1. For region A:75-99, which positions are out of contact with any helix residue (DSSP H, G or I) (no Cβ under 7 Å at 6 or more places or on another chain) and in a helix (DSSP H, G or I)?
2. Select from region A:135-165 the residues that are open to solvent by less than 10 Å² (accessible area, probe 1.4 Å) and either in contact with a Gly (Cβ under 7 Å, 6 or more places away or on another chain) or not in a loop (DSSP other than H, G, I, E, B) (or both) and list them in ascending order.
3. Is region A:173-188 home to any residue that is over 25 Å from A:ALA28 (Cα atoms) and free of Cβ contacts under 8 Å to residues at least 24 places away in the same chain?
4. Name, by its number, the condition in (1) within 27 Å of A:GLU33 (Cβ to Cβ); (2) open to solvent by 40 Å² or more (accessible area, probe 1.4 Å); (3) touching a Phe, Trp or Tyr at 6+ places or on another chain (Cβ under 7 Å) that does not hold for A:ARG64.
5. Determine if region B:31-42 includes at least one residue that is over 19 Å from A:THR81 (Cα atoms) and open to solvent by less than 20 Å² (accessible area, probe 1.4 Å).
6. Scan the strands (runs of 3 or more DSSP E) fully inside chain B and keep the ones with 3 or more residues being touching a helix residue (DSSP H, G or I) at 6+ places or on another chain (Cβ under 8 Å) and within 12 Å of another protein chain (Cβ to nearest Cβ).
7. Under 6 Å between Cβ atoms, at least 6 apart or on separate chains: pull out the pairs that start in region A:35-58 with a residue that is facing chain B (nearest Cβ under 7 Å) and end on any residue that is open to solvent by 60 Å² or more (accessible area, probe 1.4 Å) and charged (D, E, K, R).
Amino acid sequence: MEFYGVEIASRLLLGTAQYPSPAILADAVRAAEVEIVTVSLRRESGRLREGQDFWSLVRHLGLRVLPNTAGCHSVKEAVTTAQMAREIFATNWIKLEVIGEADTLQPDVFGLVEAARILSEDGFAVFPYTTEDLVVAERLVEAGCKVLMPWGAPIGSGKGLNNPFGLRALRAHFPDIPLVVDAGIGLPSHAAGAMELGYDAVLLNTAVAKAGDPVAMARAFAGAVEAGRAAYLAGPMEARDMAAPSTPVFGKPVLAR
Amino acid sequence: MKIIVNGVELELGAATLAGALEALDYAGAVVATALNGHFIAARARETTLLAEGDKIEIVAPRQGG
């Protein structure tokens, strides 16, 4: 799997927020053999310097970082945040979020396309957090996106894949663009489901960070992603409405009177 | 002059963005900056002059999803 020309082996991307401790975050990332983690930018106090220890930890883990523009509600905010992220994290990768609605954290897809165009023209490798809307996806690709990240369900909801039909259609429509289900995944079975649809990867955070045992859950997700991918490659059977006996009917002895 | 740093109004004597960072104990810290909503690259901080009422944002890496 390639993201913007970079070969990536791990199909599980993890967020770094909400873990019980930095040590548990580090253990979870290692347990799942994750290569890419998402990070953010927040206000820093010169006296407290809360972000410096976190950054030391991430650098120590030796992972590739995908900075986000979480919390941005306008194109301008998102673009400025991306510019700051590029400097501080020394990467042109950006997980582009332009939020349009506070309760669902649904992307403002109009602002998203505009910001994606601005950032792509400025040399960014944009990973847009979007919906499963095909037309929006087309616009994002036209704007320069070479990866698409549709939501499974609202961020942090853990509801899984709300619209498998839409996600399947998106996969069929963009066979050559890396697709990542980002947000809403609550269980390993959801992640496996996304992979069985042919998605290239999944990105999640809360489902691992808020688990009773985040390290064990990270491991469970890694297994689910691997199983889902293997199942997709193996060619799943078609579902049908009526039963079809798996045991041969021919040769069954006649025993009824 | 009065400058708003990360949403807090402060009285600062620094003439430049770089001077403000130094005065506010950010020396050596990994931070990025914006002035009045516009990104200011680290290399431009020395030459970025401050004016009364300017709004500075100073950010650092943080956990994110």
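The values are calculated or read from the model by the stated rules, or taken from the named source; none is laboratory data. All values reported here derive from a predicted model rather than from experimental measurement. All Cβ positions, even for glycine, are placed from backbone atoms using ideal geometry, and neighbour counts span all protein chains on display. Accessible surface is based on the protein model in full, side chains and every heavy atom, while ligands, DNA and RNA are left aside. Shrake-Rupley method; radii C 1.70, N 1.55, O 1.52, S 1.80 Å.
1. Scanning region A:75-99 gives A:LYS76, A:GLU77, A:THR80, A:THR81, A:GLN83, A:MET84, A:ALA85, A:ARG86, A:ILE88, A:PHE89.
2. A:ALA137, A:LEU140, A:LEU148, A:MET149, A:PRO150, A:GLY152, A:ALA153, A:GLY160
3. Within region A:173-188, the subset over 25 Å from A:ALA28 (Cα atoms) is A:173-177.
When the remaining residues are screened for being free of Cβ contacts under 8 Å to residues at least 24 places away in the same chain, the result is A:175-176.
Scanning region A:173-188 turns up at least one residue that is over 25 Å from A:ALA28 (Cα atoms) and free of Cβ contacts under 8 Å to residues at least 24 places away in the same chain.
4. (3)
5. Keep residues of region B:31-42 that are over 19 Å from A:THR81 (Cα atoms), which gives none.
Checked against the condition, which is being over 19 Å from A:THR81 (Cα atoms) and open to solvent by less than 20 Å² (accessible area, probe 1.4 Å), region B:31-42 yields no hits at all.
6. Values: elements: B:2-5, B:8-11, B:32-35, B:38-40, B:55-63.
The qualifying strands (runs of 3 or more DSSP E) are B:32-35, B:38-40, B:55-63.
7. Within 6 Å, the pairs are A:GLY46/B:ASP25; A:ARG47/B:ASP25.
Condition check ((1) within 12 Å of another protein chain (Cβ to nearest Cβ); (2) aliphatic (A, V, I, L, M)) across all residues:
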{"site": "A:SER10", "(1), (2)": "no, no"}
{"site": "A:GLY15", "(1), (2)": "yes, no"}
{"site": "A:PRO67", "(1), (2)": "yes, no"}
{"site": "A:ALA82", "(1), (2)": "yes, yes"}
{"site": "A:TRP93", "(1), (2)": "no, no"}
